[in-house]
Amino acid sequence: MRTAEIGHLLRLEWQLDRRQKHAWGSMALYVVSTVYVCYQGVRHLSDVPVWNALFWIVVLFAAFNALARSFQREDAGRQLYLHTLASPRSVILARTLYNALTMVALSLLSLGAYALFIGDRPLEQAQLGTFVATVLLGGIGFAMVLTLIAALAARAGNGIGLMAILGLPIVLPMLLSVMKASKLALDGLPLSVTGQYLGWLVAIDAIAVALAWLLFPYLWRD
Amino acid sequence: MKGGWWKIGTVLLLLYVVIVGLRTPLAPALVHASVDRIAPGPVSFDIKGYNTHFTEGSVTAWLENDGQQVCSAPVEVLADDRARVTVTVPQGFRKPLTSVWVFTAKDGPIALHDAFFTEGLGDGITGTPCRPGGKYLRSGLAFPDRAILNETIRNLFFHVPMWFAMMALMTIAVWQSVRVLRSGSLEADRSALSAVHTSLLFAALGLTTGSLWARVTWGGWWTSDPKLNGSAVTVLIYAAYLVLRGSIPDAHKRARLAAVYNVFAYALMLVFLMVLPRLTDSLHPGNGGNPAFSTYDLDSSLRAVFYPAVLGWIGLACWAYTLTDRTERLNALAHEAHDR
């Protein structure tokens, strides 16, 4: 594994994103508008299960929207150029890592907007630290599972529609464990109870990244 | 017929499963008592049996509460499956639920567990054993008769092995996808597609048999249950696989991308099927605190049909897969000839 190469690729991603500031803007706007639409539908929610479920639906679709970008923005020429420079495994690891960082920012933004509009009543009796950790782990987990799917959808020459079809059934196990963990954290249960679900989450992440590492070279070459 | 022995074996196994699985009677059992609450004093009630033989030989009945027995007066037999039991209920049973037992010369001891809500509880009675000694003649294979399941217990030989067959085909599909990734062979890609098509057929069969079974036993066509969610996700994944294939015109690219998705999805699906049952309770036997079928298959009569059924259905699935694969190959050849 080439750490230096991954570092360069990460920096490249960062620079590309800095050059296209509207990309960040569009992701943030997507989250805020989704939350605002939810707010128009439900106003304030204090029912913990519904609050929890709606929150994760918002994060899930924000993830789909944000991650679909990661392989779509390059044209064939730039892809070929990257192909000659870097090994595919470095590319997928760098992208996954970068997407994970993106999702950290995005899920925190979602949480902020959601608590502001939909209400933070459920957070009052929650184990706040565990809950925020779950949110971060969930966002990172979506990135780990969906990065390869984004690559697949982009290679198939099809946009976010195909990504949703391919990704939803695969991300469901992760979504269920993360919803369960965050529900427990919201109910104020200690880390010793929630930890089991977070452990599964990390295990699923590890498996997904290992599979992506194994499989991506077959997607990369044409 | 070179190499066709396993097809003959499959046919024989499934014939055995259908004949023995559908013709074997349920073991004799008591299904109903006309009274559901007893209090100290004389009580008389009718019991209803299923596959019982009350008219053949003498019939003895007794109540049992926490291991203590109270014998009944002579039983009045009304029919092979109906009898009237008269018994004097003592004061002082320990537990709130009392069972009724019947012993017949042909069926042996059979019970209706926890049949009566019991009044007049105390510290126990001075009971006497009521079960007659001597042998009884229960002949041949019989499946356990469980409340709620009753005759539908036979669906075990169809519903469950169909899922096993589906998983076997999906494993074949993944293996073919790995071959695609290693060699880029379009033939392996076609085999993977054939396996997925056939496995979806078995998923449909498993869903149909399961849905009917759920309607009869649980009261709904679809329940919120981890196994059902697991099967729904599995079907969605493979439907997505077909959509992915449909969206790529180039054959080599299609083969590669579909293989990548298949391997990725299969591995995560296996994780899902392992994790999911621990997230929520299930109505399925062997999950969520429910006893598995094996716990009441005391004489292994279910196993004697279930294991052959698993082999038979997997054999049938493999056979269907090879036929689909060959048809697809012929279609591809015909296509080529037409193009030329």
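Miscellaneous remarks
- Cα gyration tensor shape of region B:29-118, rounded if a/c is under 1.5, else prolate or oblate by comparing a/b with b/c: prolate
- Counting protein heavy atoms only, chain A has 66 percent of its accessible area on carbon and sulfur, 1.4 angstrom probe.
- In summary, the helical segments of chain B meeting the span-like criteria, namely a full DSSP H run, a Cα extent along the axis of 20 angstrom or more and a mean Kyte-Doolittle hydropathy of at least 0.5, are B:5-23, B:159-183, B:186-217, B:226-246, B:251-279.
- Three-way shape label, the protein assembly as shown, alpha-carbon gyration tensor, a/c 1.5: oblate
- Sequence-distant residues sharing a close amide H with residue B:114 (under 5 Å, placed H): B:99, B:100
- Under the convention that each Lys and Arg Cβ holds +1 and each Asp and Glu Cβ holds -1, the size of the dipole of the protein assembly as shown around its Cα centre is about 1820 debye.
- Cross-link reach list, lysines versus residue B:95, counting only Cα pairs under 23 Å and skipping chain neighbours closer than eight places: none
- In the A-B interface, the accessible area buried, summed over both sides, Å² (probe 1.4 Å): 2600
- Solvent-accessible ranking of A:34, B:126, B:10, B:88, largest area first, probe 1.4 Å: B:126, B:88, A:34, B:10
- Per residue of B:256-264, other chain Cβ atoms within 10 Å of the residue Cβ number 6 on average.
- Cα-centre dipole for chain A with unit charges at Cβ (Lys and Arg positive, Asp and Glu negative), debye to 20: 460
- Residue mean of other protein chain beta carbons inside 10 Å, A:160-171: 5
- Fluctuation leader among A:110, A:182, A:46 - chain A, Gaussian network, Cα springs under 10 angstrom: A:46
- Residues B:338, B:284, B:113, ordered by accessible area of protein heavy atoms at a 1.4 angstrom probe radius and largest first, appear as B:338, B:113, B:284.
- With a simple spin-label model that places each label point 7 Å from the Cα along the Cα-to-Cβ direction, the separation between residue B:6 and residue B:37 comes to 6.2 nm.
- Estimated FRET transfer efficiency when R0 is 35 angstrom, pair residue B:55-residue B:307 (beta carbons, to 0.05): 0.45
- Charge dipole (chain A, unit charges on Cβ, about Cα centre) - positive-most of A:199, A:6, A:86: A:86
- Inter-chain Cβ neighbour count for B:241-248, averaged per residue, equals 4 (cutoff 10 Å, partner chain atoms only).
- Hydrophobic, long helices, defined as DSSP H runs whose alpha-carbon span along the helix axis is 15 Å or greater and whose mean Kyte-Doolittle value is at least 1.6, occur in chain A at A:128-155, A:160-186.
- Given chain A, longest segment not containing exposed loop trypsin sites (Lys or Arg not before Pro) (DSSP; at most 16 other Cβ within 10 Å): A:74-220
- Helix-only [θ]222 nm of the protein assembly as shown, DSSP H runs n ≥ 4, -39500 (n - 2.57) each, per residue, nearest 500: -22500 deg cm²/dmol
- Region B:150-339, accessible surface, carbon-and-sulfur percent (1.4 angstrom probe): 64
- For the residue pairs A:180/B:253; B:7/B:253; A:180/B:227; A:21/B:253; B:48/B:106, alpha carbon separations beyond 27 Å are given by A:180/B:253; B:7/B:253; A:21/B:253.
The values are calculated or read from the model by the stated rules, or taken from the named source; none is laboratory data. Predicted model, so just to flag it, every value in this text is computed and none were measured. All Cβ positions, even for glycine, are placed from backbone atoms using ideal geometry, and neighbour counts span all protein chains on display. These area figures cover heavy atoms from the full protein model, side chains too; ligands, DNA and RNA do not enter into them. Shrake-Rupley method; radii C 1.70, N 1.55, O 1.52, S 1.80 Å.
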